[in-house]
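What follows is one structure encoded as C-alpha cells, with my remarks underneath.
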Amino acid sequence: MGDLVDAWETRSVTRAPDDVDAVVVGAGFAGLYAHHRLRALGLTVRGFEAAGGVGGTWWWNRYPGARCDVESMDYCYSFSPELEQEWTWSERYATQPEILGYLEHVADRFDLRRDIQFETRVTEAAWDEKAQRWYITTDHGDRVSAQFCIMATGCLSEAKQPEVDGIETFRGDVFHTGRWPHEGVELAGRRVGVIGTGSSGIQSIPIMAREVEHLTVFQRTPNFTMPAKNAPLEPEAVAARKTRAREHRDAMRSSRAGVVVPMPEHSALAVDDDARDAHYDRAWETGALYGMVAAFNDLLIDRDANDTAAEYVRARIRETVNDPAVAECLSPRNHPFGTKRPCLDTDYYATFNRDNVTLVDVRATPIVAITPAGVRTTDGEFELDTIVFATGFDAMTGPLLGPDITGAGSLKLRDKWAAGPRTYLGIAIAGFPNLFAVTGPGSPSVLVNMAVAIEHHVDWIVDCIATLRERGLASIDATVEAEDDWVDHVNAVANLTLFPHANSWYMGANVPGKPRVFMPYIGGFPRYDEICRDVAAHDYRGFTLTPATAQQPAPSSP
Ligand SMILES: Cc1cc2nc3c(=O)[nH]c(=O)nc-3n(C[C@H](O)[C@H](O)[C@H](O)COP(=O)(O)OP(=O)(O)OC[C@H]3O[C@@H](n4cnc5c(N)ncnc54)[C@H](O)[C@@H]3O)c2cc1C
C-alpha cells in the first residue's frame, strides 16, 4: 500500500479507489484520441471531463460565429483513413456545431464514451512514490488510482474571467464567450456591450451587430485580422482531397505549422513597394490563417520587414472603415504583425461602419467599473442590457494548474511553475513521473494546427507507455537537466523572433500576475517531431526509467 492510500484510509474513506492503468483528463480532440489509442493497447482507462459531453473547446464555445480558422479538411483526425473518407465537411471553415458533431461522431464510431465520466472535474492528482501510481480525486468524490495520468486538458479551456469591479451589480445578463449557454442567447432588440477583441470577439462582433439594437465594442488592444473568405466546399474539391488524403497528411506533417503553406523564399525588404504590395494582395485574398504571416520569410524575425505587413493591414483597415478616427483606433500599433494569434474574420472591419455599432477605446478611457446600468469608463457610462466578455483564456498553464497536482517528494506543480512553466518537450514535467501533458507549454501547440499536434503527442505518449509495459518498467520521469536544456532551447528559439515583443496570451500577458514566459515552442512542427523521435529512439534520452520493484505489481501485460 502506498502512502496516499494509507492517508486516505486514515481519513475514514468509505471505499477504496478504483484501480486502472490510465486516467485521461479531458474529452476534447486530445482526450478522445488518447482513449482510442490506450484502449487499443489493452489498458484499462478511466476518463473525467468537466463538460457535459465530448468535444472540449467545441462543447464550451458556442458563441455566435464560433468556427475554426484552420481549414476544416485539415482540422480533423488523420488516424483513421475510414473516418477520413466517410466524413464530409460542408464549409471551408466549419462552424462550432459542425465540429462538435464531428467529435460526437468520432466518440460514437469508436465507442469512446463508455469510460468517460462527464460533468466531473479532477481536483487533485498525487503521485505515490511507494506504489508508483497516481491517485486522482474529483469534485464528485471519485478516487481512482492509475499508473499513468494523461492531462488532455487543452490549452484554451480555462476561461479567463474579467478583472473589473461591480459585475455582480449589473442588472442585465452577463455571458462569457467560452461558457456560452447551450440554449442560445436572445440578443435581438438589446443594447449589448462586448469586452475583448481577440479571436472570439472578432468572430462574434459582426454576427451580433446584425442582431442587436446597439453594439458597443470595448477594445483595449486592436488585433490584426484578415478576411476568411469562407465558403461552402465544392464536392469536387472534397473528392479530390479524399483521393490524395494520405499524401496531403504527409505534407501537413512536414510543414512548420501543420498545414501546407508554400514556404516563402524572399525577404519583404528584397522587393520594391509595388511588388511587395502585389504579393500582400495575393496573400490577403487567400483567406488562409498563415497566408499573410508566411508571405515573406522574415516577417516574424525582422522588425522592418514586419512593419511592411503591419502597414499593409492598416491600409486595408483605412480603406474599409469610413470614419478615419475609428479606422485609426482599430489599427494595431503596439505589437508586431503576427505575434499575437492572427485572426480570420467575416466583415469585421466593415461592421464598424454600421450605425448601430460604437467602438470605445478603453486604453484611452479605461473601464472603471460595471454598474447596475452598464459599463462606466473614465469618459462616462454606457447603458446596456447584456454584457459579453470575450476575454479569452488563462492559456496553456491554466488548465494544468487547475487541479492540485503533487509529484514526487511532495512537490506541487503550482510551486514548481511559480515563475513560469517548465517541461521537457512540452509533454513531461521533471518530478511528475508518468504524468503526460498533451500540447503542454514548451510544445508547438497553439502555434500549429492543433489537430496535428494532438495526434502527434498522443501517439508519442502511448508509444512510450507501450515501451514501459513491454519492458516491465514502473515509471518514467524527465530529468531536471533535460528539462532545463529544453526550456533554454524553447526560450532561445523564441528570442530569435519578434514574438516576445508582444503582450500576448502566448506570453501570459493577458492574466494579471502571470509570469511572462513565451510558452509555445516556435521551432516548427517538423523539427519538434524530429527531436521527439530522437529522444524515444535513444532509450528516452533525458528521462529516468524506473523498474517495477517486488512490491509493485508489474503492469499487467496487454
Ligand atoms: C473558439 C476557438 C477556436 C479554435 N479554433 C482552432 C482552429 O481553428 N485550429 C486549431 O488548431 N485550434 C483551434 N483552437 C484551439 C483548440 O483548443 C484546439 O484545436 C483543440 O480543440 C484542443 O483540444 P484538446 O482536447 O487538447 O483541448 P480542449 O478541447 O480544450 O478539451 C479539454 C477538455 O478538458 C476539460 N478539462 C480541463 N480541466 C479539467 C479537469 N480538471 N477535470 C476535468 N476536465 C477538465 C475541459 O472541460 C475541456 O473540455 C480553437 C480554440 C478556440 C477556443
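Listed values, structure above:
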| item | result |
| --- | --- |
| R0 of 60 Å, Cβ-Cβ distance T467-R354: FRET efficiency to nearest 0.05 | 0.55 |
| Point-to-point label distance, Q85-I167, nm (Cα→Cβ direction, 7 Å offset) | 4.9 |
| Accessible surface of the range 400-558 [probe 1.4 Å, protein heavy atoms]: carbon and sulfur percent | 53 |
| Full-extension gain in nm, A509 to E236, via 0.36 nm per residue minus C-alpha separation | 93.9 nm |
| Mean separation of Cα contacts under 8 Å, 6 or more apart, over the residue count of the chain: relative contact order % | 19 |
| DSSP-defined beta bridges in the chain - what % are antiparallel, rounded to 5 | 40 |
| S475 long-range amide H proximity, modeled H, under 5 Å | T546 |
| D (Stokes-Einstein, µm²/s), Kirkwood Cα radius, the range 45-203, 1.306 mPa s at 10 °C | 86 |
| Gain in span if fully extended, T549 to L496, counting 0.36 nm per residue against the direct Cα distance | 14.5 nm |
| Helical contribution to [θ] at 222 nm, DSSP H n ≥ 4, -39,500 (n - 2.57), averaged over the chain, rounded to 500 | -9500 deg cm²/dmol |
| Amide H contacts of M226 (H built 1.01 Å from N, under 5 Å, at least 5 apart or other chain) | C343, L344, D345 |
| Built amide H within the under 5 Å cut-off of E91, gap 5+ | L233 |
| 25 Å Cα-Cα threshold exceeded, pairs from K412/K514; K229/K514; K160/K229; K340/K412 | K229/K514; K160/K229; K340/K412 |
| Accessible-area composition of the range 261-391, carbon plus sulfur, in percent [1.4 Å probe] | 49 |
| Accessible surface, the range 165-235, averaged per residue in Å² (probe 1.4 Å) | 42 |
| For the range 323-339, 3J(HN,Hα) per residue [Karplus equation, 6.51 cos²θ - 1.76 cosθ + 1.60, θ = phi - 60°, Hz, x = Gly/Pro] | 8, x, 5, 5, 4, 5, 5, 7, 8, x, 9, 9, 9, x, 4, x, 8 |
| Karplus-derived 3J(HN,Hα), 6.51/-1.76/1.60, for each residue of the range 368-381, Hz, glycine and proline x | 9, 6, 8, 10, x, 9, x, 10, 9, 10, 5, 9, x, 9 |
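The values are calculated or read from the model by the stated rules, or taken from the named source; none is laboratory data. Here the structure is a predicted model, which means the values were calculated and not measured. Note that we place each Cβ from the backbone using ideal geometry, even for glycine, and neighbour counts take in every protein chain shown. For the accessible areas, the whole protein counts, side chains as well, though only heavy atoms, and no ligand, DNA or RNA atoms are used. Shrake-Rupley method; radii C 1.70, N 1.55, O 1.52, S 1.80 Å.
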